[in-house]
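So the structure is just underneath, and the comments pick up after that.
Please treat every number below as a calculation from the coordinates, not as lab data. Note that this is a predicted model, so its numbers are computed, not measured.
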Amino acid sequence: MRRQIVLALVAILAFSGFASAKEKQKKSPLPFTILDARTISIIIEPDAGHSIENPLANQTAQKDVEAAILKWGRFEPMLSTMNADLIIVIRKGNGRIADATISDPRQNGRPGSVTPSDDGASVGGQRGTQPGLSNRPPVPDSQNSSPTQLEVSDPDDSFLVYNGRTNAPLDSPPIWRSIRHDGLRPHSVPAVDDFRKAVAETEKIAAASKN
């Protein structure tokens, strides 16, 4: 009987040690390299068009995200993706899987800088292209004969974070994502708050791993 009690205590201690080690090895929501990032670019999903019902939905969401990033203060928003450590790709959902939109491949051509303004953020620069985001071939012109397209996408708001330091960053999986209803809600922008919490958790785990 005494031997069984001893074995039980040993098993409990071993399990406690395993649980403690498991806690120390808690998975980080983001790669530790993100903690070195300083610049960030927010762009609209390249394949996204202008909604016929709400043509400025994506542009408004983009401005709201830029303003929320500025308010956070951790990253410096950049209009160009060329020197951005991170790239956020957003798309405003409308509750439907398919929607009629108007194609605009130039909507992300905004090289320049983002600066604070009374209503959150203002942008400067001139229109152009954002090169090097993907090695995928462009859609042939024959398929773009009509400005109206049937766009199939997630009905919820999409907020994807990519490593901007890689070649063709949008060809790799995002390092973090938030796809949720109203994630790009004006002014509050819950997706940015979720990302902020993920960065804070990553900092906490990175610090614990050094102890």
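Remark: for residue pairs K71/K92; K27/K63; K27/K71, the C-alpha separation exceeds 30 Å in K27/K63. Residues in the range 27-37 carry Karplus couplings, in order, of 6, 7, x, 9, x, 4, 4, 5, 5, 8, 5 Hz; the curve used is 6.51 cos²θ - 1.76 cosθ + 1.60 with θ = phi - 60°, and Gly or Pro positions show x. Amide H to amide H, with H built 1.01 Å from N, D182 comes under 5 Å of D157, counting only residues 5 or more places away or on other chains.
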